[in-house]
Amino acid sequence: MTSIYDFSFEQLNDLMLANGFKKYNATQVFQWLYRQKVSSFDEMTNLSKNLRNWLKENYSCDGLVMLKRQISRDGTRKYLFQLSDGSNIESVLMHYDYGDCICVTSEVGCNMGCTFCASGLLKKKRDLTSGEMVLQVLEVQKDVMADDIRVSHIVVMGIGEPFDNYDNVLNFCRTVNHDLGLGIGARHITISTCGLVPGIRRFADEQVQYNLAISLHAPNDEIRSRIMPVNKAYPISELMEALKYYASKNNRRLSYEYILLKGVNDTDECVDQLIELTRDFDVYVNLIPYNTVDEHGYVSTDYKTAMALYNKLMSHNVRCTLRQKHGEDIDAACGQLRSKYERSQQ
Ligand code: SAH
């Protein structure tokens, strides 16, 4: 049965009209779901009995099952949810000075095969629906409401490649962004891609205000192809052309994610090359300490080297941050909780 959470506000409007109901019914249902956060059609008390019954017969209003929740010493919360088909996904909530940010999963598993990432340990089973992404935000918001926390930012940086599930991810963004619902500002929503060039070009043409992050992780094709197979399909030159195009059409924030892998991508030569890749458009660099994944054998760059790298970027007028680690004590690395859980069930 299709989930009611799969519908953006506009789609809900169309659905109501197409089935003989009124446009304002869509507003009512949307507000019940995202303002009141009810979990059944029966609770939507200002709808006619007829409409409630029709909704019940045709759509599901089920939430996600929370299998596990871990709260880290630094306040990071990690959730393991079960979907209606029995698949498991993770979501993480991180606290920053600027607000509380949820990291949303976009696919069950991932096929991109990045050699450092725990997600790829389990191959992609299927795309998430738009509603399954919306529900991650909703369930986490419900969970933290008692502690007076409001989810204010979203990054689509959990398991999966968002541009491999393009339509559902964009629909999800529209739903959580809508001001009759959760009202999370477009500028507070970031989509992160490993560099699927056609997706980046399509996204550039959307003229939306969401932010775009690129998982760059290496400044030349030799290293990048070694650690990220996607680079063989879309090498750095093609990626840069697509980003130039994106920057020419958008004024939204563009950033590079760059995890620091000791002895792999943290040499002086790498930094020089990275600096070159920031020259053609306005881009922000996030240096990220690597969260160790037992199976992969990579080690994070030590703090002193990371600082030196950061200082060099800064001295070349590259805007950048050296990110704090979050939730290291609770398996917060992308895909770690899920892969550990699934293997413990085998
Ligand atoms: N497929 C998308 C989004 C999911 S990965 C993308 O590649 O951007 C989200 C981010 O976490 C990516 O930048 C990814 O490279 C990074 N990441 C994966 N494993 C990590 C780890 N063990 N430590 C730190 N960052 C990691």
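List every residue pair whose Cβ atoms lie under 9 Å apart, where the two residues are 6 or more positions apart in sequence or sit on different chains, the first residue falls within segment 151-169 and is small (Gly, Ala, Ser) and more than 7 Å from the ligand (Cβ to nearest atom), and the second residue, located anywhere, is open to solvent by 20 Å² or more (accessible area, probe 1.4 Å) and not in a strand (DSSP E or B). Close Cβ pairs satisfying both conditions: 152/98; 152/185; 152/188.
All of (1) more than 10 Å from the ligand (Cβ to nearest atom); (2) without any contact (Cβ under 8 Å) to a residue 40 or more places away in the chain; (3) of a type outside the set (S, T, N, Q) hold for residue 196 with one exception: (1). Here the condition is being without any contact (Cβ under 8 Å) to a residue 60 or more places away in the chain and of a type in the set (Val, Ile, Thr); of 293, 318, it holds for 318 alone.
Taking the conditions (1) in contact (Cβ under 8 Å) with a residue 40 or more places away in the chain; (2) away from the ligand (no atom under 16 Å from the Cβ); (3) in contact with a strand residue (DSSP E or B) (Cβ under 8 Å, 6 or more places away or on another chain); (4) closer than 20 Å to residue 196 by Cβ in turn, residue 313 satisfies each one other than (4). Taking segment 104-131 as the range and being within 16 Å of the ligand (Cβ to nearest atom), under 14 Å from the mean Cα position of the chain (by Cα), open to solvent by less than 20 Å² (accessible area, probe 1.4 Å) and not aliphatic (A, V, I, L, M) as the test, the residues that pass are 105, 106, 107, 109, 110, 119.
Okay, residues lined up against (1) more than 25 Å from the chain's Cα centre (by Cα); (2) in contact (Cβ under 8 Å) with a residue 24 or more places away in the chain; (3) more than 16 Å from the ligand (Cβ to nearest atom):
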residue	(1), (2), (3)
209	no, yes, yes
217	no, yes, no
225	no, no, no
234	no, yes, no
245	no, yes, yes
259	no, yes, no
280	yes, yes, yes
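For first residues located in segment 100-119 and assigned to a strand (DSSP E or B), partners that are near the ligand (Cβ under 7 Å from one of its atoms) and open to solvent by 10 Å² or more (accessible area, probe 1.4 Å) and lie 6+ apart or on another chain with Cβ distances below 6 Å form the pairs 103/157; 103/158; 107/160. Counting residues in segment 58-79 that are closer than 28 Å to residue 96 by Cα, of a type in the set (D, E, K, R) and assigned to a helix (DSSP H, G or I) gives zero.
The single residue among 147, 143 that is open to solvent by less than 50 Å² (accessible area, probe 1.4 Å), charged (D, E, K, R) and away from the ligand (no atom under 15 Å from the Cβ) turns out to be 143.
Within segment 251-306, restricting attention to residues that are among the hydroxyl-bearing types (Ser, Thr, Tyr) and farther than 25 Å from residue 204 by Cα, the residue that is modelled with the lowest pLDDT is 292. Annotation: residue 298 fulfils all but one of (1) surrounded by fewer than 16 Cβ atoms within 10 Å (Cβ to Cβ); (2) more than 19 Å from residue 213 (Cβ to Cβ); the unmet one is (1). Report whether or not residue 21 is modelled with pLDDT of 95 or more and under 22 Å from residue 172 (Cα atoms). When the stated conditions are applied, residue 21 does not pass them. A count restricted to segment 80-103 and to residues that are buried (at least 23 other Cβ atoms within 10 Å of the Cβ) and within 16 Å of the ligand (Cβ to nearest atom) stands at 7.
When 77, 69 are checked against the criterion of being closer than 15 Å to residue 143 by Cα and touching a Leu at 6+ places or on another chain (Cβ under 6 Å), 77 stands alone in meeting it.
To keep it simple, each residue is scored yes or no on (1) open to solvent by less than 40 Å² (accessible area, probe 1.4 Å); (2) over 20 Å from residue 115 (Cα atoms); (3) among the hydroxyl-bearing types (Ser, Thr, Tyr).
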position	(1), (2), (3)
257	yes, no, no
260	yes, no, no
263	no, no, no
267	no, no, yes
272	no, yes, no
275	yes, yes, no
278	yes, yes, yes
283	yes, yes, no
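Going by the conditions given, is residue 243 under 21 Å from residue 189 (Cα atoms) and at pLDDT 95 or above? So residue 243 fits the description; yes.
The values are calculated or read from the model by the stated rules, or taken from the named source; none is laboratory data. Since the structure is predicted, the reported quantities are computational estimates derived from the model, not experimental observations. For neighbour counting, all protein chains shown are included, and Cβ atoms are generated from backbone atoms with ideal geometry for every residue, glycine included. All accessible areas refer to the heavy atoms of the entire protein, side chains included, with ligands and DNA or RNA removed. Shrake-Rupley method; radii C 1.70, N 1.55, O 1.52, S 1.80 Å.
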